[in-house]
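Down below is the structure, laid out as structure tokens.
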Amino acid sequence: MSSLDQAVQTQINNIQKKTGKSLDELAAIMKNSGLTKHGEIRDMFKTKLGLGHGDANTLVHVLQKSDGERAAEGKSTDAVLDEIYTGAKAAQRPIHEALMKQIGKFGEFEILPKKGYVSLRRKKQFAMIGPRTNTRFEVGINAKDLKGARLQEQPKGSMCNYIVPLNDAKEVDAELVAWIKSAFEQAG
């Protein structure tokens, strides 16, 4: 079991303890709600069970088997990247390539392709990279105490501490690379 799988299992175990309900009981609540959209089910779990956003989101992914990792399962990194960067998003692939060229200089790390982005990990995830929309690319950075005008601090409990939006590969500059390197080092 990967460390990511272990983390999700620990989170699910904690959700079951918090709610006093088994995974089967939680699945029944979801099914009986009649809701089908991810966001609606997540919000129902938040309201009905008092779960935080992250726990409710993970629970829906697990119950629906819809997380990005399962969607990319069994596919090569190149195949997933080809799927991510198709159509209108194809123009963003040079940003991805410029980032990976710089990040690859840091040392060893794991590349975990998901359905719509790529997770970069050492002992823990230090960055997420990929297109957010057809015209906006985002770098998610998991590091503490970063400073800079382009950094968009994220709410506590988010997948990343900071987001940096990019529109062009030229924006992969020394400042951004330094922030990602800090996250790489902190992920240890």
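Taking the Cα centre of the chain as reference, the dipole from Cβ charges on Lys and Arg (+1) and Asp and Glu (-1) amounts to some 400 debye.
Working from label points 7 Å from Cα in the Cα-to-Cβ sense, the K156 to K18 distance is 1.3 nm. When H38, H96, H61 are sorted by how many other C-beta atoms sit within 10 angstrom of their C-beta, beginning with the fewest, the order is H38, H61, H96. Can you compute the FRET efficiency between I111 and H53 using 1/(1 + (r/R0)^6), with r the Cβ-Cβ distance and R0 = 30 Å? Round to the nearest 0.05. Plugging the Cβ-Cβ distance into 1/(1 + (r/R0)^6) gives 0.65.
Ordered from longest to shortest, the equivalent ellipsoid semi-axes for segment 3-66 are 17, 13, 11 Å, each the square root of 5 times a Cα gyration tensor eigenvalue.
With 30 Å as the limit, the listed pairs K46/K105; K18/K89; K21/K89; K105/K144; K114/K156; K123/K147 have K46/K105; K18/K89; K21/K89 beyond it between alpha carbons. Here the residues D78, D173, D55, D43, ranked from fewest to most Cβ neighbours within 10 Å of their Cβ, fall in the order D78, D173, D43, D55.
Charged neighbours of P94, selected by a Cβ distance under 14 Å, balance to +1 (K, R count +1; D, E count -1). What separates the Cα centres of segment 82-160 and segment 23-47 is a distance of 30 Å.
The residues S182, S119, when put in order of fewest to most other Cβ atoms within 10 Å, stand as S182, S119. Shown is the FRET efficiency for D78 and L35, computed with R0 = 41 Å from the Cβ-Cβ distance and rounded to the nearest 0.05: 0.70. Between Q64 and N134, full extension at 0.36 nm per residue minus the direct alpha carbon distance yields a gain of 22.6 nm.
Computed from the coordinates by the stated procedures, all read-outs in this text should not be read as laboratory data. Predicted model only: the values in this text are computed from it and were never measured. Using ideal geometry, Cβ is built from the backbone for each residue, glycine included, and neighbour counts are taken over all protein chains shown.
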